[in-house]
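Sending over a structure as structure tokens; questions will come in a sec.
The values are calculated or read from the model by the stated rules, or taken from the named source; none is laboratory data. In this text the structure is predicted, and so the values were computed from the model without any measurement. Every residue, glycine among them, receives a Cβ derived from its backbone with ideal geometry; neighbour counts consider all protein chains shown.
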Amino acid sequence: MDFVQAIQSCLGQYATFSGRASRSEYWWFFLFQVIVMIVASLLGDMVYALASLALLLPALAVGTRRLHDIGRTGWWQLLLLSGIGFLVLLYWWVQPGEASPNTYGEPFSA
């Protein structure tokens, strides 16, 4: 997946917390976020705040889908609230995806 495809995929699935996201999709979107936030900070505090809010949900969604790809639940992103949790998530986000299917993020079926 290239840069443009990753951005289109992430913004197209901005509130989709089920499924999987490849490493390339996640990291290309991460780079997009960094670029947008740098440009927004140069334009002013209000633009930066709006960009942060606009990208929050897609970032959480793609992070959740990325964790699903390695066999973890998206709730692990709550580790971001702690200081050391980012390092754990960073380690997981760079791991290759699992070849086996998983059910994280899939609708519950009884």
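Tell me, which residue of the range 16-26 that is closer than 16 Å to W93 by Cα and touching a residue at least 60 places away in the same chain (Cβ under 8 Å) is surrounded by the most Cβ atoms within 10 Å (Cβ to Cβ)?
Across the range 16-26, the extreme among qualifying residues is Y26.
Here is a follow-up. Out of the range 2-15, which residues are part of a loop (DSSP other than H, G, I, E, B) and buried (at least 17 other Cβ atoms within 10 Å of the Cβ)?
Answer for the range 2-15, where residues must be part of a loop (DSSP other than H, G, I, E, B) and buried (at least 17 other Cβ atoms within 10 Å of the Cβ): just Q13.
Scan the range 32-40 and give yes if some residue there is surrounded by 18 or more Cβ atoms within 10 Å (Cβ to Cβ), touching an Asp or Glu at 6+ places or on another chain (Cβ under 8 Å), under 21 Å from Q5 (Cα atoms) and not hydroxyl-bearing (S, T, Y), otherwise no.
no
Further question: Hey, could you check the range 74-108 for residues that are of a type in the set (S, T, N, Q) and loosely packed, with under 13 Cβ neighbours inside 10 Å and say which is modelled with the lowest pLDDT?
In this case the residue turns out to be T103.
Shifting gears a bit: Return the residue satisfying two criteria in turn: it lies in the range 16-53 and is part of a helix (DSSP H, G or I) and small (G, A, S), and of such residues it is nearest to the chain's Cα centre (by Cα).
Filtering the range 16-53 for residues that are part of a helix (DSSP H, G or I) and small (G, A, S), the one nearest to the chain's Cα centre (by Cα) comes out as S24.
Return the residues of the range 58-79 that are farther than 16 Å from F29 by Cβ and part of a helix (DSSP H, G or I); say none if nothing qualifies.
Once the filter is applied, which keeps residues that are farther than 16 Å from F29 by Cβ and part of a helix (DSSP H, G or I), the range 58-79 yields W75, W76, L78, L79.
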